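Derivation of every value follows stated rules applied to the coordinates shown; laboratory data play no part. The model shown is predicted, which means the values in this text are computed figures rather than measured ones. Cβ placement follows ideal geometry from the backbone for every residue including glycine, while neighbour counts extend to all protein chains displayed.
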Amino acid sequence: MGGNVNVNETNAGQRIINDREFALRLIADPTSAEARQVVEAADGLRSETVGDSIHLRGLIEFSNYCRNNCLYCGLRRENGKVSRYRMTPAEIIAAAENGAELGYKTVVLQSGEDPAYSGDTIAEIVREIKKLGLVVTLSVGQRIPQDYELWRSAGAERYLMRHETADPLLYERLHPGQSLVKRVALLKILKELDYQVGTGFMVGLPGQTAETLWYDLKLAGELQAEMVGIGPFIPHPETPLGQEPGGTLEQACLMVALTRLILPQALIPATTALGSINPLGREAALRAGANVVMPNLTPKKYRPEYEIYPNKICLGEEAAECRGCITRRIESLGRTVACDPGHNSIWLGRRSGS
Ligand code: SAM
Ligand code: SF4
Ligand code: FES
């Protein structure tokens, strides 16, 4: 393959995983000609494997309370400047109904790690949303496996929980009192429960190296993640990392591209964080291998309080405005909004026994 990444060679992803020197050379210089070729190759592979339509997931950020203290996140429990809110089950279901009316096929229920919502409460919310004919993705952090099992039985099909960084020491520094081993063990349990599992990581974290990012890719590959979310770290002034530099568009897009080559069938979002550091950041990711966008469905009054990082987009828009905006952006790329539920095809194949 030399310096070129030819997607007709089925082993492009394998080479990234196995050829350390090749991978690190690419990751270390995301603006090189070689890196640009990789991005183009990944876009081509994306078109061949998952097609040109883009899946929308309506994001409902239902609580900004969090028991954790992740060093990078604006919702960390020691940030006393956040005005905290919790949506009631009725409000969450109403937001999902709004999503269904706007044509979303999936809603993503996301929150800080908030024990105020019991396993049963979340299960009941999932059951109510399933009655609307929607796919339910959960992203509420680390819980006991029994909760994950309960929610899967209630009808939730997908779970998003990024591993954040595959460097165990960096993980411990960024997440006081927590371990990468436990995070990965929970991701494996979610897989065993037959969720479509989303992992992912931030790029540009203080202390992260090209090698760490290579391990991030390898871990996503090892887990055979059905979804992989990759976004730039954006420093939040009210956190201990507030004065650090953030991740770049080029680096995040390259990691999206490499992920596509490693996991050709994956659902890969063009993240809101990318759209927040660059007005056309999501479009750039959609041209680098991504095939999902997660517009905001959170009621407008709560949006400014879910400030995981500053300058987050879509704070002043109604859900309907985001829905229209994202359609225009997708169409500007010559792509279309998908009409199907947008499941990972490998997961679907496993379920039908094929
Ligand atoms: N609490 C759940 C969890 O941690 O998995 C879900 C919500 S959490 C806010 C969602 C994601 O936000 C995290 O996985 C993390 O990667 C991302 N995030 C948090 N702070 C960020 C920052 N400063 N810059 C970019 N992404 C950030
Ligand atoms: Fe809480 Fe998630 Fe933010 Fe960590 S990243 S502080 S778990 S909301
Ligand atoms: Fe929210 Fe564009 S997606 S305003």
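Mean projected area of the convex hull spanned by the Cα atoms of the chain, taken over all viewing directions: 16.1 nm². Note on residue 185 and residue 146: their simple-model spin labels are 1.7 nm apart, each label 7 Å out from Cα toward Cβ. Phi angles across the range 126-132 convert, under the Karplus curve 6.51 cos²θ - 1.76 cosθ + 1.60 with θ = phi - 60°, into 3J(HN,Hα) values of 4, 4, 5, 5, 4, 5, 7 Hz, Gly and Pro given as x. Ordering 83, 352, 139 from the fewest to the most neighbouring beta carbons within 10 Å gives 352, 83, 139. The share of C-alpha pairs in the range 206-266 whose separation exceeds 16 Å stands at 49 percent. Once backbone amide H atoms are built at 1.01 Å from N, residue 267 has 227, 228 as its partners under 5 Å, excluding neighbours fewer than 5 places away on the same chain.
For the chain, 66, 253, 314, 322, 325, 339 have no disulfide-compatible partner, since no other Cys C-beta lies under 4.7 Å from theirs. With K and R counted +1 and D and E -1, the other residues having a Cβ less than 10 Å from that of residue 69 yield a net charge of +2. Between the range 117-171 and the range 333-354, how many Å separate their Cα centres? About 20 Å separates the Cα centre of the range 117-171 from the one of the range 333-354.
In order along the range 147-157, the Karplus-derived 3J(HN,Hα) couplings, from 6.51 cos²θ - 1.76 cosθ + 1.60 at θ = phi - 60°, round to 5, 4, 5, 4, 6, 5, 5, 6, x, 5, 9 Hz, and Gly and Pro are given as x.
Extent along the principal axes, Cα only, for the range 144-196: 35, 17, 14 Å, with the longest axis given first. Each Cα pair of the range 267-354 feeds into the Kirkwood radius, which the Stokes-Einstein equation turns, at 25 °C and 0.890 mPa s, into a diffusion coefficient of 170 µm²/s. Between residue 20 and residue 350, what FRET efficiency follows from the Cβ-Cβ distance if R0 is 30 Å, with the result rounded to 0.05? My answer for the efficiency is 0.45. Radius of gyration over Kirkwood radius for the range 95-182, both on Cα atoms: the Rg/Rh ratio is 1.04.
Of all lysines in the structure, those lying under 30 Å Cα to Cα from residue 300, and not within fewer than 8 positions of it along the same chain, are 81, 105, 130, 131, 312.
Across the range 154-306, Cα-Cα distances exceeding 21 Å account for 46% of all pairs. Estimated purely from DSSP H runs of n ≥ 4, each contributing -39500 (n - 2.57), the mean residue ellipticity at 222 nm for the chain is -12500 deg cm²/dmol once divided by its residues.
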